[in-house]
Each structure stands twice: as structure tokens, then as C-alpha cells.
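The values are calculated or read from the model by the stated rules, or taken from the named source; none is laboratory data. Since this is a predicted model, take the numbers as computed values, not measurements. Ideal geometry is used to build each Cβ from the backbone, glycine not excepted, and the neighbour counts take in all protein chains shown.
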Amino acid sequence: MSESANSTYFDEIKSWLTTRCTTTDKRELAIEDLISLGVNEEDRERLLASTDKRWIEKRWNPFISQLQTGDELWRFNSPEITWKNLMGRRGYAILRDGKVVAWLFTMMS
């Protein structure tokens, strides 16, 4: 779900930014994510083939449509302790003028 910058997550998500994305193509980003998780090529292809197209249409595309000229797309991942306490969050954030203006959770514990 995409959230607005007026949420209490603003500062937390900004502190969790990990990597600036060079593309907005969800398939390319998914491949990068799966590689970073150590998923082998055969399993990556199987997982990519099973991707829910409705999620892309209903969540990813509206999120990405918020990008404006000069914005940056970043990955974020909450600290390890949040995952151990079943409060972990991972996803993407849009940075505008150094501020998080929107985010999309892609994994939660």
C-alpha cells in the first residue's frame, strides 16, 4: 500500500533507505531483489512467472505514477531487530527534495 508523507513512518522509512533504484520496471527490480536474497536462477524464473499481475496494476503502477521529474526511487529495509520482533518492513520509497513522499511495502513480518 502506498502511504503519504504525513504518516508517522516518514522519519523511520527515510532512515531505512538502502539502495537507490536505477529503474522503475518491476520485473527488473524483482530480479535484483531475488538475487540479493540468494535465490537461484531456476527458482527466480519460477517466482517471476507466478507474479500476481493484479498487484502490479493495483499497487505498483499507482505508486510509480507518483514519481515526478527529479524524484528518486529507493529500496528500504527496516532493521534486523524489527524482523525478529515480527515488525519488519521492506519496500520502495519515493524521495522528493530529500523527503520521503510515498512508499510501498512489499514485505512485512
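Reported count of residues in the stretch 34-55, each being within 20 Å of Arg89 (Cβ to Cβ) and in contact (Cβ under 8 Å) with a residue 12 or more places away in the chain, is 1.
Only residues that are more than 21 Å from Thr22 (Cα to Cα) and of a type in the set (Gly, Ala, Ser): list them for the stretch 32-66, please. Across the stretch 32-66, the qualifying residues are Ala49, Ser50. For the stretch 87-101: of the residues being small (Gly, Ala, Ser) and modelled with pLDDT under 95, which is surrounded by the fewest Cβ atoms within 10 Å (Cβ to Cβ)? For the stretch 87-101, the residue satisfying everything is Gly98.
The rows are residues; the columns are (1) surrounded by 11 or more Cβ atoms within 10 Å (Cβ to Cβ); (2) more than 14 Å from Met107 (Cβ to Cβ); (3) touching a helix residue (DSSP H, G or I) at 6+ places or on another chain (Cβ under 7 Å).
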residue: Thr22; (1), (2), (3): no, yes, no
residue: Leu29; (1), (2), (3): yes, no, no
residue: Asp33; (1), (2), (3): yes, no, no
residue: Lys53; (1), (2), (3): no, yes, no
residue: Trp74; (1), (2), (3): yes, yes, no
residue: Ile81; (1), (2), (3): no, yes, no
